[in-house]
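Have a look at the structure below, then the notes.
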Amino acid sequence: MAVTNEVQLKVENIHMAFGGVQALLGVSFEVKKGEIFSIIGPNGAGKTVLLNCINGLYTPQKGKVSFEGEDISRLKPYQRAQWGISRTFQKLELFRGATVLDNIRLGRHIHMKSGLLSCSLYFGKTAREEIEHRDFIEREIIDLLEIEHIRHKVVGMLPYGLQKRVELARALALNPKVILLDEPLAGLNLEEVEDMARFILDINEEERWQTTCVLVEHDMGVVMDISHRVMALNFGEKIAEGTPPEVQKNPNVIKAYLGEAEDLYVTRR
Ligand SMILES: Nc1ncnc2c1ncn2[C@@H]1O[C@H](COP(=O)(O)OP(=O)(O)OP(=O)(O)O)[C@@H](O)[C@H]1O
Ligand SMILES: [Mg+2]
C-alpha cells in the first residue's frame, strides 16, 4: 500500500507508570495510513507498554490516543478492535488446546465481544451473510499465511514458528485497519524470519489487505529493510524518529545500543 499523508494513529504525550517504575515519559508520534512504522529500543524501553496503551489494555496516567481523528483514549480494547486496531502479543495469546481454525474464530469473537447473545441476534439473511463473510476472511488468511496444512491441528502441538504464524492469523481475523505487532520475529529461525517479514510486507502492500503496521522488533536487519519510518525508545522516552538510515546513524540510538551497536549495521537486503 502506498503511504498516504493521512494520519491514522496519533499518540500524544503518553505517561505510564507502575508504582515507582516510569515506563513511558511523554511519548508522542504519528503513524500515517499505509505505513510500516517500527518501534525499536533496548529491553525494558517501554515498547510493549506503548502497544498496550494504544490498544487499550493499559490506561496511561496522562496522554491521548487518536484513531482516524477520533479520541479513542477511553475506549476498551474490544471497542478499539471494532474500530480496526488489532494486535499480536510478545507472549502468544493462543488457545493451545484448540485447533488453528478455532483459534482464528475464537480470537475474532472475543475481541469483537460477539458472544452467544449477540450471535443469537443474527438470523436469516444477516446470519448467512455474516458466516459467508467470516469464511471468506478465514480463507484469505489461510492462503496468505500458508497454513492450509495445519488448519485442523491443535495449536499447542505445533512448532513455535507456526504458532507465531497462527498468532498473526488470529490478529488478521479482525480484518484490521492497523495491526500492532509485538516482536513477530522473536524466536524464529532464519527461514521463518524471511517468511514472516514477507507476510508483514504482504499485509501492508497487497491490495486486499492494505493494513498499516506498527512493528515492535529487535531484528534490526528486517526493521531497517521493511519499515517506512522508525522510532527509537529508551527508558520510556523517544530518542529518535525518522527513516531507517536516519535512525541507524542517530548518535542517541547508537549510544542506547552500545554493545549491541553492530546489530544496527546489518546489510540491507
Ligand atoms: N504490568 C506491569 N507492571 C509493572 N511494571 C511493568 C508492567 N509492564 C511493564 N512494566 C515495566 O515497564 C518497563 C517497560 O516494559 P516493556 O515491557 O514495555 O519493555 P519492552 O520495551 O517491551 O522490552 P522487551 O524488548 O524486553 O520486550 C519495564 O521496566 C517493565 O518492567
Ligand atoms: Mg516487549
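The values are calculated or read from the model by the stated rules, or taken from the named source; none is laboratory data. Bear in mind the structure is a predicted one, so any value in this text is a computation, not a measurement. Ideal geometry is used to build each Cβ from the backbone, glycine not excepted, and the neighbour counts take in all protein chains shown. Quick note on the areas: whole protein, heavy atoms, side chains included, nothing else; ligands and nucleic acids left out. Shrake-Rupley method; radii C 1.70, N 1.55, O 1.52, S 1.80 Å.
When His109 is tested against (1) in the same structural domain as Leu188 (by TED's automatic domain parsing); (2) without any contact (Cβ under 8 Å) to a residue 40 or more places away in the chain; (3) away from ligand 1 (no atom under 16 Å from the Cβ); (4) within 26 Å of His133 (Cα to Cα), exactly one condition is not met: (1). Among the residues of region 44-52, is any in the same structural domain as Leu181 (by TED's automatic domain parsing), open to solvent by 50 Å² or more (accessible area, probe 1.4 Å) and assigned to a helix (DSSP H, G or I)? No, that holds for no residue. Within region 26-43, the set of residues being within 10 Å of Asn234 (Cα to Cα) and in a strand (DSSP E or B) comprises Ile40 only.
Selection of strands (runs of 3 or more DSSP E) fully inside region 148-252 by the criterion of at least 1 residues being touching an Asp or Glu at 6+ places or on another chain (Cβ under 9 Å) and within 16 Å of ligand 2 (Cβ to nearest atom) returns 178-182, 212-216, 229-234. Does Glu241 meet the test of being closer than 22 Å to Gln8 by Cα and open to solvent by 20 Å² or more (accessible area, probe 1.4 Å)? Considered against the rule, which asks whether it is closer than 22 Å to Gln8 by Cα and open to solvent by 20 Å² or more (accessible area, probe 1.4 Å), Glu241 comes out as yes. Scanning region 38-52 finds no residues that are more than 16 Å from ligand 2 (Cβ to nearest atom) and at pLDDT 95 or above.
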